[in-house]
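Asker: One structure, pasted below without further comment.
The values are calculated or read from the model by the stated rules, or taken from the named source; none is laboratory data. Just so it is clear, the structure is predicted and the values come from calculations on it, not from any experiment. Cβ atoms come from the backbone with ideal geometry, glycine included; neighbour counts cover every protein chain shown. Protein only, heavy atoms only, side chains kept; ligands, DNA and RNA dropped before computing areas. Shrake-Rupley method; radii C 1.70, N 1.55, O 1.52, S 1.80 Å.
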Amino acid sequence: MAVNRPLIVLLGATGFVGSAVLRGLAARDVRVRAVSRRAAPVPADARAEVEVHTADLTEPGRLAEAVAGADAVIHTIAYIAGSTTWRINEGDSAAERVNVGLVRDLVAVLRDDDRTGPPLPVVFAGAASQVGPTDKEVLDGSEPDRPKGEYDRQKLAAERVLLDAHAEGLLRAVSIRLPTVFGYGPRSTARDKGVVSTMVRRALAGEPITMWHDGTVRRDLLYIEDVARALVAAVDHVDALAGRAWLLGSGRGLPLGEVFTTVADLVADRTGKPPVRVVSVPPPPHAEPGDFHSVTIDATAFQTVSGWRPQVPLTEALRRTVNFCASGAEEGLS
């Protein structure tokens, strides 16, 4: 007798995080509906049955179509403004429509749905920066949320919509607050616009790596493939995780000066040229307070429940990123 494999709907399947999640899901014995504005590339060796679903989810009725029949939803959609995913001007209605409005729409769809059985699991990719500026260097999830930047305010608002819907019994919500995510693997299909890969590109171009501080500011950096595994693990452990937000991180806050020096050395190894300089420059006008605060994330709570652990050491993740960029594989990515 054939077994009906569960259907996991992945929203944002061509994004930086979503594309990595798709690669992880494709290796599993499940059905996947990969939802995005443009067609998502499906791994040639996919074990999963992957349905590519293209749609502008801001259009009426399209979200309901996208999640119809789902056994779980992973929400990785984020509004991209310019060259980054987190710099949003206050009052940006287009960003709010995507970052918050689509979550409200999802709740409305489920409210009108006549599905039977337990509430739909929804795993949401949030941001550790939602907490806002804090005097604590090591975050463990107990901190009150006081976001300052518009992106963080919007991500927090979306998270609260989901958690309120969970409390109402409409769905089972899990929010995974992501740290600074970076990197490429050999099969990457979406561009990393974060600071680490930006500095890799600068070094490959022979330009100095620049910092807005003296290099002692610490960041908890997590490789994209480890992030994808965490979001998939959240689906596997939704019963134990549902109803709250969980911090994700490596547990190590590393001085960015040291990280960028490692980048310069890895690029030098790849190109055979001397390492580029790592220099401090004045911060630009759009710099935010959080840019100068050190962050380390204690993800023990999530690790204990899910069994997830980061698997790729930082230097290896940086080396993979350098090799991907140096090979020209970034060309054609969006």
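Asker: Output the residue which, of all residues in region 1-39 that are under 19 Å from residue 224 (Cα atoms) and over 17 Å from the mean Cα position of the chain (by Cα), is surrounded by the most Cβ atoms within 10 Å (Cβ to Cβ).
Answerer: In this case the residue turns out to be 26.
Asker: Can you find, within region 47-57, the residue that is most open to solvent (accessible area, probe 1.4 Å) among those that are part of a loop (DSSP other than H, G, I, E, B) and closer than 22 Å to residue 191 by Cβ?
Answerer: Result: 56.
Asker: Still on this structure, I have one more. Please find, among 167, 205, 157, the residue that is surrounded by fewer than 23 Cβ atoms within 10 Å (Cβ to Cβ), free of Cβ contacts under 8 Å to residues at least 40 places away in the same chain and of a type in the set (Gly, Ala, Ser).
Answerer: Within the list 167, 205, 157, the selection yields 205.
Asker: With respect to residue 284, is the statement that it is over 26 Å from residue 227 (Cβ atoms), open to solvent by less than 80 Å² (accessible area, probe 1.4 Å) and not β-branched (Val, Ile, Thr) true?
Answerer: When the stated conditions are applied, residue 284 passes them.
Asker: Still on this structure: Tell me which residues, restricted to region 300-330, are in a loop (DSSP other than H, G, I, E, B), within 27 Å of residue 134 (Cα to Cα) and open to solvent by less than 30 Å² (accessible area, probe 1.4 Å).
Answerer: If the condition is that a residue be in a loop (DSSP other than H, G, I, E, B), within 27 Å of residue 134 (Cα to Cα) and open to solvent by less than 30 Å² (accessible area, probe 1.4 Å), then 308 is the only one that fits.
Asker: Continuing with this model, one more query. Looking at residue 296, is it closer than 29 Å to residue 146 by Cβ, buried (at least 17 other Cβ atoms within 10 Å of the Cβ) and either touching a residue at least 24 places away in the same chain (Cβ under 8 Å) or not β-branched (Val, Ile, Thr) (or both)?
Answerer: For residue 296, the condition - closer than 29 Å to residue 146 by Cβ, buried (at least 17 other Cβ atoms within 10 Å of the Cβ) and either touching a residue at least 24 places away in the same chain (Cβ under 8 Å) or not β-branched (Val, Ile, Thr) (or both) - is met.
Asker: Which of the residues that make up region 189-202 are open to solvent by 10 Å² or more (accessible area, probe 1.4 Å), under 27 Å from residue 42 (Cβ atoms) and of a type outside the set (D, E, K, R)? Break it down stepwise before answering.
Answerer: Within region 189-202, the first condition is being open to solvent by 10 Å² or more (accessible area, probe 1.4 Å), and the residues that meet it are 189, 191, 193-195, 198-199, 201-202.
Keeping just the survivors that are under 27 Å from residue 42 (Cβ atoms) gives 189, 191, 193-194.
189, 194, listed by residue number.
Each row is one residue, and each column tells you yes or no for (1) surrounded by fewer than 18 Cβ atoms within 10 Å (Cβ to Cβ); (2) without any contact (Cβ under 8 Å) to a residue 40 or more places away in the chain; (3) basic (Lys, Arg); (4) in contact with a Gly (Cβ under 9 Å, 6 or more places away or on another chain).
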| residue | (1), (2), (3), (4) |
| --- | --- |
| 98 | no, no, no, no |
| 107 | no, no, no, no |
| 117 | yes, yes, no, no |
| 139 | no, no, no, yes |
| 180 | no, no, no, yes |
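Asker: Conditions first: (1) crowded, with 16+ Cβ neighbours inside 10 Å; (2) within 19 Å of residue 17 (Cα to Cα). Residue 186 passes all but one, so which condition is the exception?
Answerer: In the conditions (1) crowded, with 16+ Cβ neighbours inside 10 Å; (2) within 19 Å of residue 17 (Cα to Cα), residue 186 misses (1) alone.
Asker: Can you tell me which condition residue 23 does not meet? The list is (1) modelled with pLDDT of 95 or more; (2) more than 23 Å from residue 197 (Cβ to Cβ); (3) charged (D, E, K, R), and all the others hold.
Answerer: If we test residue 23 against (1) modelled with pLDDT of 95 or more; (2) more than 23 Å from residue 197 (Cβ to Cβ); (3) charged (D, E, K, R), just (2) comes out false.
Asker: While we're looking at this one, here's another question. Starting from residues that are at pLDDT below 95 and of a type in the set (A, V, I, L, M, F, W, C), keep the ones in region 46-84 and report whichever is farthest from residue 159 (Cα to Cα).
Answerer: 81
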